[in-house]
Amino acid sequence: TRTKEMEESRDEALEANEQRSKFFANMSHELRTPLNAILGYGEMLYEECEDLGYEDLMPDLKKITTSGTHLLSLINNILDLSKIEAGKLDFEHNPFNPVAVLEAVAQSASIRAQEKKIDLILDTTKLEYDRVGGDANRLKQILNNLISNAIKFTSQGYVAISANSSVVGNHLRLDVQIEDTGIGIAAENKHKLFAAFSQEN
């Protein structure tokens, strides 16, 4: 009957989705192991060059570790996607220093900005608190994605990161703004803003 066929199709789709999630999770774990080794050796070589005075090699080694760190964040995003689909993604709520997080994100993006000869500006002067509560790692992931896209679609000018904090009720709120001089999004394409695999030309 048609009902039975629909149920079988549904079960097959669910099984395929589960297998895909398992594949992404396994692939992410397999990729992270050698990548962490590459990052470890890259950092070790950077420190050795610094100690030995081989300053001409240090910028290239820094690019390797920065690009590797960015790739690791992309792999972690794939792993998180599989967790979201499985309903197993957890969020932490711990105190962290917002300035330290923003500086780490800016440092990670600085090499890509330098390669494109655009200015990367970080302004944390409006942050009045050195501790906020939340998931620092998830915040880094979000900001890394936003800033990476801002740099990608900016050919000249700047990408600016600014932040401020405020008290809302009994909670401390952190607001982060990313501004760039890139191509922007045309008004007729703004409805695609949250559509998967969609971008401006």
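The values are calculated or read from the model by the stated rules, or taken from the named source; none is laboratory data. Small disclaimer: the values here were computed from a predicted structure and weren't measured. Methodologically, a virtual Cβ is constructed for each residue, glycine included, from the backbone with ideal geometry; neighbour enumeration extends over all protein chains shown. Keep in mind that these areas ignore ligands, DNA and RNA; they rest on the heavy atoms of the full protein, side chains included. Shrake-Rupley method; radii C 1.70, N 1.55, O 1.52, S 1.80 Å.
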Legend entry - Loop GluC sites (Glu not before Pro), region 92-201 (other Cβ atoms within 10 Å of the site Cβ: 10 or fewer; DSSP): Glu128
Legend entry - Accessible area (Å², per residue) of the chain, counting only protein heavy atoms and a probe of 1.4 Å: 70 Å²
Legend entry - Given Lys22/Lys192; Lys116/Lys140; Lys126/Lys152; Lys22/Lys117; Lys62/Lys190; Lys116/Lys192, the pairs whose alpha carbons are separated by over 32 Å: Lys22/Lys117; Lys62/Lys190
Inset, instruction - Treating only the Cβ atoms of Lys and Arg (+1) and Asp and Glu (-1) as charged, compute the dipole magnitude of region 116-199 about its Cα centre; round to the nearest 20 debye. - result: 280 debye
Inset, instruction - Note down the magnitude of the dipole of region 41-140 about its Cα centre, charges +1 on Lys and Arg C-beta and -1 on Asp and Glu C-beta and zero elsewhere, to the nearest 20 debye. - result: 560 debye
Inset, instruction - Tell me which residues come under 5 Å, amide H to amide H, from Asp123 once H is placed; ignore anything under 5 positions away on its chain. - result: Ile161, Ser162, Ala163
Legend entry - the chain: most fluctuating residue of His93, His191, His171 per GNM, C-alpha cutoff 10 Å: His191
Inset, instruction - Take every Cα pair under 8 Å in the chain that's 6+ residues apart, average their separations, divide by the length, and report that relative contact order as a whole percent. - result: 16 percent
Inset, instruction - Leaving ligands, DNA and RNA out of it, report the carbon-plus-sulfur percent of the accessible area of region 131-201 at a 1.4 Å probe. - result: 51 percent
Legend entry - Accessible area in the full protein assembly, largest first, 1.4 Å probe, for Ile183, Ile178: Ile183, Ile178
Legend entry - Among Leu193, Ile147, Ile118 the positive-end extreme of the charge dipole of the chain (Cβ point charges): Leu193
Legend entry - With at most 11 other Cβ atoms within 10 Å, longest stretch of the chain clear of loop trypsin sites (Lys or Arg not before Pro) (DSSP): 1-87
Inset, instruction - May I ask you to rank Tyr158, Tyr41 by accessible area, largest first, using a 1.4 Å probe over the protein chains only? - result: Tyr41, Tyr158
Inset, instruction - Work out the length of the dipole vector of the chain about its Cα centre, built from +1 on the beta-carbon of each Lys and Arg and -1 on the beta-carbon of each Asp and Glu, and round it to the nearest 20 debye. - result: 600 debye
Inset, instruction - May I ask you to derive the relative contact order of region 139-198, considering only C-alpha pairs under 8 Å and at least 6 residues apart, and to give it as an integer percent? - result: 31 percent
Inset, instruction - Taking H placed 1.01 Å from N in the peptide plane, check which residues at least 5 places from Asp180 or on another chain put their amide H under 5 Å from its amide H. - result: Ala160
Legend entry - Highest-MSF residue in the chain out of Thr125, Thr181, Thr69 [GNM, Cα springs under 10 Å]: Thr125
Inset, instruction - Take Phe23, Phe91 and sort them by solvent-accessible surface of the protein heavy atoms, 1.4 Å probe, largest at the top. - result: Phe91, Phe23
